[in-house]
Amino acid sequence: MNKYIKLVVAALLMILGIYMMFFTRSLGWGIVVFLLSAIPIALFFKNEYILLAFWQLRKQNMEKAADWLKGIKNYTSQLHKSQYGYFHYLQGLTLAQEHPKKVEPLMRKALEYGLNMKQDRAMATLNLAATAIAAGRKQEGQKLLEEAKRLDSAGMMTDQIKTMKDQLKMPSMQKHIHNPHMRNRGKFF
């Protein structure tokens, strides 16, 4: 549903509530209808699909969270500007297990649009650090880990940051792979 339709519904509910209070003398029902107009206004700023996707993520159900996010066809017309970052952030979190290469651009967009909570920014930078380390960009990964550590004020991700720093200290296995047949080289030639 377009975000502006929600405002029209809220205005209609307010008008109906005022009509019921003053013209039909149903004061109780008029107040109830008038207060119900707060729901579409709240859903204008916090999209229902994003709220339901967060709820499914809290239950660790990534498939249903991805299904709720698929309900958003055109995020620019359905979401308020403050929700653009969270849309990309949630898409990145739901794709992290199956398609880790698609996570980096989504998290970069989420940070570009802006995330309100520090923990969400820390999680996004941690995901960016993980993709940078996996791609072999150690310096970028180190910088992103330091930024994630700075943003993690509650200390919820200290274990993940510590394990990723330990991974950075380990030598890259691609540079140290030895061919067992190389030992025999030159022996028979």
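Of the residues examined, residue 56 is one that is among the polar types (S, T, N, Q), out of contact with any Cys (no Cβ under 9 Å at 6 or more places or on another chain) and assigned to a helix (DSSP H, G or I).
Only a single criterion out of (1) touching a Lys or Arg at 6+ places or on another chain (Cβ under 8 Å); (2) under 18 Å from residue 117 (Cβ atoms) is not satisfied by residue 58, namely (1). Inside region 139-157, can you point out the residues that are closer than 15 Å to residue 104 by Cα and either surrounded by fewer than 19 Cβ atoms within 10 Å (Cβ to Cβ) or touching a strand residue (DSSP E or B) at 6+ places or on another chain (Cβ under 7 Å) (or both)? The one that is closer than 15 Å to residue 104 by Cα and either surrounded by fewer than 19 Cβ atoms within 10 Å (Cβ to Cβ) or touching a strand residue (DSSP E or B) at 6+ places or on another chain (Cβ under 7 Å) (or both): 140.
Assuming residue 11 fulfils every condition listed in (1) in a helix (DSSP H, G or I); (2) modelled with pLDDT under 95 apart from one, which condition is it? So the condition that residue 11 fails would be (2).
Looking for something of a type in the set (D, E, K, R), buried (at least 17 other Cβ atoms within 10 Å of the Cβ) and free of Cβ contacts under 8 Å to residues at least 60 places away in the same chain - is there at least one such residue anywhere in region 83-105?
Checked region 83-105: at least one residue is of a type in the set (D, E, K, R), buried (at least 17 other Cβ atoms within 10 Å of the Cβ) and free of Cβ contacts under 8 Å to residues at least 60 places away in the same chain.
The values are calculated or read from the model by the stated rules, or taken from the named source; none is laboratory data. Given the structure is predicted, the values throughout are model-derived calculations rather than measurements. Here Cβ is always computed from backbone atoms with ideal geometry, including for glycine, and neighbour counts include all displayed protein chains.
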